[in-house]
Amino acid sequence: EDGLQTRAASRGLTFGTAVHSRQLQEDPSFRSAILQECASVVHEYELKWGHIERERGRYDFSKTDIVTNFAIEHGLKIRGHTAVWHEALPAWAPEAFRREGISVIERHVRSVLKRYSGRIEEWDVVNEAIQNYDNLPNGFRNSLLFQEFGATFVVAAFRAAREFDPNVKLVYNDFGIEYDNFRDRARRKALLPLLRSLREEGLIDGFGTQSHLTAGNPFNPKLLRDFLSEVASMGLSIVVTEFDVNDTKLDPDIGTRDKAVAEHAKRVLDVILDEKAVTGVLTWGLTDRYTWLNEPRFARPAGVRARSLPLDENYKRKPLWEALASCLSAA
Ligand code: G3I
């Protein structure tokens, strides 16, 4: 039966998912699920600065290229995730920033765009710069990047990318815009001026909304719809970059939980896909077997593993798969 990519393509959308080299190498079912369901992939981890340039000046793309070569071999598009993110800086970066300033970031942006020129045509140049409830000017996150450079690191990274390769689609990626709560309201408010200023300088082409959803959060469709319309009105395309549904607030019974996850996903994704500026949807993984939401830091109730992705731990399609299939193929 057709995969999600086929349904997405029928309405001009690209469907894809996040991939780790280890899963590709060790799990043939994972490889075949990607080929069945996806037209694009993104590196879940192995294209991040902290992974590829552990030692200053010595890039190691060996793991990265297991994913990149697989994608190229199978004609899958690749999203570049991500050039500049405070959570994925090399250990040597803070010292280098202090000594040499913003050129360290500009050099990294050029290095990765150069290496994948012609193979990665869309980059998350900067990821998660906005927090707003850190009470900083224009809602910036109080990260090491902001502490070192102020808000200018975002423009510098985008300018370095644009000047290096004007053909690459430059995307700003962030999370937490969906819900009717204080944090998401604050983030939506702070994101608009940042996107608008980048657009006015001709430095950005798209907005990446990660869409890490949480079933049970208060959702007011109008707030999300109006925000996406505002972004689209700037001439930006929109891509759903890391879709999954956190199910920690739900009844642990699998049947009940799967149904609630699927319903929540459909409710939100229908609103997002109503915006014609949306070009694609990527989930943050395909199978519950590998979801980041099972990481210990989430302290889930004992034995209640996450059921946040379209396929279960044995690659069986779930109600969430049906929900995605129906959203993606809706007229
Ligand atoms: O692969 C190494 C392994 O060799 C090593 O032994 C182990 C212990 O250090 O680390 C392993 O790498 C881990 C990697 O995931 C692969 O499992 C890293 O420590 C760990 O930090 C990394 O976490 C990733 C995280 O981003 C930080 O890069 C998650 O997989 C990934 O799901 C998560 O994705 C982020 C997006 O990039 C941005 N949006 C939020 C999203 C979820 O946090």
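The values are calculated or read from the model by the stated rules, or taken from the named source; none is laboratory data. Note that this is a predicted model, so its numbers are computed, not measured. A quick note on method: Cβ atoms are made from the backbone with ideal geometry, for glycine too, and the neighbour counts reach across all protein chains shown. Ligands, DNA and RNA are stripped out before the accessible areas are found, and what is left, the full protein with its side chains, is counted by its heavy atoms. Shrake-Rupley method; radii C 1.70, N 1.55, O 1.52, S 1.80 Å.
Observations on the structure shown:
- Residue in the range 130-141 that is of a type in the set (S, T, N, Q) and more than 23 Å from residue 209 (Cα to Cα) present: no
- Number of the exception - residue 188 against (1) in contact with a Gly (Cβ under 8 Å, 6 or more places away or on another chain); (2) surrounded by 21 or more Cβ atoms within 10 Å (Cβ to Cβ); (3) outside any loop (DSSP other than H, G, I, E, B); (4) not small (Gly, Ala, Ser): (1)
- Any hit, the range 218-235, residues being touching a residue at least 60 places away in the same chain (Cβ under 8 Å), open to solvent by 10 Å² or more (accessible area, probe 1.4 Å) and away from the ligand (no atom under 16 Å from the Cβ): no
- Count of residues meeting criterion [more than 16 Å from the ligand (Cβ to nearest atom) and touching a residue at least 12 places away in the same chain (Cβ under 8 Å)] in the range 248-259: 7
- Within the range 295-308, the set of residues being at pLDDT 95 or above and either open to solvent by 10 Å² or more (accessible area, probe 1.4 Å) or under 13 Å from residue 15 (Cβ atoms) (or both) comprises 305, 307.
- Filter result (more than 16 Å from the ligand (Cβ to nearest atom), under 20 Å from the mean Cα position of the chain (by Cα) and not hydroxyl-bearing (Ser, Thr, Tyr)) within the range 163-185: 168, 169, 170, 185
- Lone unmet requirement of (1) more than 21 Å from residue 39 (Cβ to Cβ); (2) open to solvent by 50 Å² or more (accessible area, probe 1.4 Å); (3) assigned to a loop (DSSP other than H, G, I, E, B); (4) not β-branched (Val, Ile, Thr) for residue 250: (2)
- Among the residues of the range 14-38, the ones that are more than 15 Å from residue 76 (Cα to Cα) and either of a type in the set (D, E, K, R) or touching a strand residue (DSSP E or B) at 6+ places or on another chain (Cβ under 6 Å) (or both) come to 3 in all.
- Test: residue 197 is within 16 Å of residue 279 (Cβ to Cβ) and in contact (Cβ under 8 Å) with a residue 40 or more places away in the chain: no
- Among the residues of the range 7-22, those that are open to solvent by less than 10 Å² (accessible area, probe 1.4 Å) and part of a strand (DSSP E or B) comprise 15, 16, 17, 18, 19.
- Take the conditions (1) at pLDDT 95 or above; (2) closer than 27 Å to residue 110 by Cβ; residue 222 misses just one of them, which is (2).
- The number of residues in the range 23-51 that are within 12 Å of the ligand (Cβ to nearest atom), in a helix (DSSP H, G or I) and buried (at least 18 other Cβ atoms within 10 Å of the Cβ) comes to 2.
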